[in-house]
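Have a look at the structure below before the remarks.
The values are calculated or read from the model by the stated rules, or taken from the named source; none is laboratory data. The structure presented is a predicted model; accordingly, all values stated were derived computationally and were not measured. Don't worry about glycine lacking a Cβ; one is built from the backbone with ideal geometry, like all the others, and counts go over all protein chains shown.
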Amino acid sequence: MPFGLKYDSIENYLKSYGKYIVRQAKGLLKFNTATGRLQSSLKHKVKKTNEGFELQFLASRYAAFLNKGVSGNEVRRTYIDSRGKRKASPFRFKNEQPPSAPIERWTIAKGIKGRDRKGRFITRKSLAFLIARSIKRKGIRALSFYTQPLSWSYNEFKKEMEKNFKQDVLKGIKVMNEKMKFKIK
């Protein structure tokens, strides 16, 4: 660590901030996902590095697609970044279509049944194919479940980091003074 100080206050704050962001992200996902597997995959991790600390937010593989959205062939999707700015999604469907099997499982979990123009029920496979084709055209709307809470709390995060850094430096100076007691005659 720089300056030979212990940064316990900063580390503890980063851990609590990570918990806060994950809790906010889970709250945003609560009504937007079918199974809850994405919610349960959200975690944070604080790592010590040579330069200081690194706060990582972890999630399942498809979380990035839902966080930043996916543009379709006909519709360009955007998301809100951690600074609160709207940006174009880096992901895009080109010629491929999403697989129908997960969509079929989703329709079962949500209890969705499709009908044709005459009002007759269609098979789940047909419904899943039609939804997949629509997703290919229109894309997937961004949920910004990690980036929105980061954006909302950024200014407060900076203030708290400064406060905790100050606490750690003052504690380090106090320890150094105790170790180097000078006797003046």
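Applying the condition of being under 30 Å from Gly172 (Cα atoms) and either of a type in the set (Gly, Ala, Ser) or at pLDDT below 90 (or both) to region 12-45 and asking which residue is surrounded by the fewest Cβ atoms within 10 Å (Cβ to Cβ) yields Ser16.
Quick one: count up the residues across region 127-153 that are small (Gly, Ala, Ser) and outside any loop (DSSP other than H, G, I, E, B).
Let us first name the residues in region 127-153 that are small (Gly, Ala, Ser), namely 128, 132, 134, 139, 142, 144, 151, 153.
Still in the list and also outside any loop (DSSP other than H, G, I, E, B): 128, 132, 134, 151, 153.
Here the count works out to 5.
Take the conditions (1) free of Cβ contacts under 8 Å to residues at least 24 places away in the same chain; (2) farther than 20 Å from Ile140 by Cβ; (3) of a type in the set (A, V, I, L, M); Val46 misses just one of them, which is (1).
Just to be sure, is Ile112 over 23 Å from Ser144 (Cβ atoms), surrounded by 12 or more Cβ atoms within 10 Å (Cβ to Cβ) and at pLDDT 90 or above?
So Ile112 passes the test.
Picking from residues in region 75-96 that are of a type outside the set (Lys, Arg) and modelled with pLDDT under 90, the one that is farthest from Phe145 (Cα to Cα) is Asn95.
The rows are residues; the columns are (1) more than 23 Å from Glu74 (Cα to Cα); (2) surrounded by 12 or more Cβ atoms within 10 Å (Cβ to Cβ); (3) not acidic (Asp, Glu).
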| residue | (1), (2), (3) |
| --- | --- |
| Gln97 | no, yes, yes |
| Ser100 | no, yes, yes |
| Lys118 | yes, no, yes |
| Arg124 | yes, yes, yes |
| Arg141 | no, yes, yes |
| Tyr146 | yes, yes, yes |
| Phe157 | yes, yes, yes |
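In the set (1) closer than 30 Å to Ile173 by Cα; (2) modelled with pLDDT of 90 or more; (3) of a type in the set (Phe, Trp, Tyr), the condition left unmet by Tyr7 is number (2).
Pull up region 127-147, narrow it to residues that are charged (D, E, K, R) and more than 24 Å from the chain's Cα centre (by Cα), then point me to the one that is farthest from Pro98 (Cα to Cα). Walk me through how you get there before you give the answer.
Pass one, region 127-147, residues charged (D, E, K, R): 133, 136-138, 141.
Subset that is more than 24 Å from the chain's Cα centre (by Cα): 133, 137.
Working: Arg133: 8, Arg137: 11 Å.
The residue in question is Arg137.
The residue list Glu11, Glu74, Glu51 contains one member that is touching a residue at least 60 places away in the same chain (Cβ under 8 Å) and not aliphatic (A, V, I, L, M), which is Glu74.
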